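This report concerns only the one structure given below.
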Amino acid sequence: MGSALSLRSDFDGSMLRRLARQTRNADQARRLLSLASIYDGGSRADAARLGSVTVQIVRDWVVRFNARGPEGLINGKSPGKPSLLNDEQRKALAQAIERGPTPYLEGVVRWRLCDLAQWIWEEFRISVSEETLGREVRAMGYRKLSARPRHHAQDPEAAEAFKKTFPPLWQKSPPAPPRAK
């Protein structure tokens, strides 16, 4: 069985209790009080009981405290899963979106997420779901916009003649005739 890790020598129990009173983070205060009991000569099991955790977690707190001090006892935000695309691949994707598809090469006349996912697979051999790609594209500043389709042989004069015409200004209706009683 290994020996217990020693705590930093630049802190003591009273200093940790003072820091626990000053902090607004409840988890950090609980951890500081547990470590203060170790500074005061208590066992790791007592510190674990005081913190309502196991001895292994107290050991993890000691490692974090020794490495980063009291700030190491604050829960940090998890970094999450790293992005599938790196910066170069994002640049290539942005260029492909700006350039638009080439119908005879890609087989589409406008980009959809499923088409972009296929393009990324063919270009980089990275499998990206449509949902993930949608978040990536939106984070790059693009929005899902679709132009209204227009037939290539559309006649603008016929469209103008088809439009309904309204009077230039709203006109007041004539007064209703008086009703007989």
Just to confirm the number: angle between the C-alpha axis of helix 55-68 and the first principal axis of the chain, 0 to 90 degrees, nearest 10? 80
I need the shape label for segment 74-169. Rule: rounded when a/c is under 1.5, else prolate if a/b > b/c, else oblate, with a, b, c from the alpha carbon gyration tensor. oblate
Helix 13-22: angle to the longest alpha-carbon principal axis of the chain, degrees 0 to 90, nearest 10? 30
For the chain, alpha-carbon Rg relative to the globular expectation (2.2 N^0.38 Å, N residues): 2.15
Helix-derived mean residue ellipticity, 222 nm - over the chain, DSSP H n ≥ 4, -39500 (n - 2.57), to 500: -15000 deg cm²/dmol
Extension gain (nm, one decimal) between residue 130 and residue 77, 0.36 nm per residue minus Cα-Cα: 16.5 nm
Just in segment 86-153: which trypsin sites (Lys or Arg not before Pro) are loop by DSSP and have at most 15 other Cβ atoms within 10 Å? 110, 112, 125, 143, 144, 150
Between the helical axis of 130-139 and the dominant principal axis of the chain, each derived from Cα atoms, what acute angle in degrees is found, rounded to the nearest 10? 90
Using the basic label-point model (7 angstrom from Cα toward the beta carbon), what is the residue 12 to residue 40 distance in nanometres? 1.4
With R₀ set to 30 angstrom, the calculated FRET efficiency between the beta-carbons of residue 21 and residue 68, to the nearest 0.05, is 0.90
Let me spell out the model: positive unit charges on the Cβ of Lys and Arg, negative unit charges on the Cβ of Asp and Glu, origin at the Cα centre of the chain. What dipole size does that give, in debye rounded to 20? 1140
In nm, give the distance between the simple-model label positions of residue 139 and residue 109, each being 7 Å from the Cα along the Cα-to-Cβ direction. 3.3
For segment 77-135 the mean separation of alpha carbon contacts under 8 Å (6+ apart) over residue count, i.e. relative contact order in percent, is 24
Which of rounded, prolate, oblate describes segment 87-139, given a ≥ b ≥ c as roots of the alpha-carbon gyration tensor eigenvalues and a/c under 1.5 marking rounded, otherwise prolate only if a/b is larger than b/c? rounded
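Values in this text are rule-based calculations from the coordinates and carry no lab data. Because the structure is a prediction, the values reported are computed rather than measured. Neighbour counts run over all protein chains shown; Cβ positions are idealised from the backbone, glycine included.
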